[in-house]
1. Could you grab me the full set of residues in region 131-153 that are among the hydrophobic types (A, V, I, L, M, F, W, C) and within 20 Å of L168 (Cα to Cα)?
2. Which members of region 58-99 meet the condition of being assigned to a helix (DSSP H, G or I), over 26 Å from S167 (Cα atoms) and among the hydrophobic types (A, V, I, L, M, F, W, C)?
3. Can you run down the residue pairs with Cβ atoms below 7 Å, 6 or more apart or on separate chains, where the first is in region 135-158 and over 15 Å from V105 (Cα atoms) and the partner is among the small types (G, A, S) and surrounded by 13 or more Cβ atoms within 10 Å (Cβ to Cβ)?
4. Tally the residues that are in contact with a helix residue (DSSP H, G or I) (Cβ under 7 Å, 6 or more places away or on another chain) and loosely packed, with under 14 Cβ neighbours inside 10 Å, restricting the search to region 65-93.
5. If you go through region 23-51 one residue at a time, how many are in contact with a Leu (Cβ under 9 Å, 6 or more places away or on another chain) and under 23 Å from P174 (Cα atoms)?
6. Going by the conditions given, is F65 in contact with a His (Cβ under 8 Å, 6 or more places away or on another chain) and at pLDDT 95 or above?
Amino acid sequence: MLLDIHPSIVIHEHTTLLLSQISYYANESWAQTLGSAWLDELQTHRWDSETGTAIFLHTWSKGNFSNEELTDLELLFRVYMIGISQEIHTYSTYLGLQYPVELQVRLGCELSFRESFKGFLQAVLDGSDFLSFQNRTWVPSPEGGKQAQKTCDLLNQCEDIKETMESLMSKTCPQFFLGILDAGKMYLQRQVRPEVWLSSSSLLGSGRLMLVCVC
């Protein structure tokens, strides 16, 4: 099934709602984080690290979640951002981490044309695959070595963190995803007429024209 929607998004067999985190920890007291959310290639949200709040880039980016539900999500991510920085500092010696540290996290869910969802979470540390979350378990990547294994051993001891991750991937993300698609359907499914014209160029040679199409 192929559905043509906004020019920057085309749903083929799969489309994805992705939350992206890129954090740079220069030392024990200074860190910078870039956070964003994407519906395929269209950015829908941005995270303001100074205020610890989400910025909604479209009128429909709140989906069908209530203000209370959105506030709870913001609080969850705010606590996470503070907590992950503290944990890196606390366990840096045990894990053998050396500043500066760069952490990238991809969290989201994928919607297939069969209307089924699949959640995912992957982390990259200093440019190498580090770990993922699969079947309620933290799994080290081979590239992560002993650091990834030790990190997963620590995380797998925390049942509340695993329950939170499982809920985000299997419940919250699909619900929010469907809400965005529904709230933004008029924008996402609008048809934009392409602009087409003929253009001449010295590179084409005399008497030859180029057909230009911009969507």
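1. Hits for region 131-153 are L131, F133, W138, V139, C152.
2. L95
3. Close Cβ pairs satisfying both conditions: E143/S128.
4. Number satisfying all stated conditions: 0.
5. 12
6. No, not satisfied.
The values are calculated or read from the model by the stated rules, or taken from the named source; none is laboratory data. This structure is a prediction, so every number in the text was calculated from the model and none was measured. Positions of Cβ are backbone-derived with ideal geometry, glycine not excepted, and every protein chain shown enters the neighbour counts.
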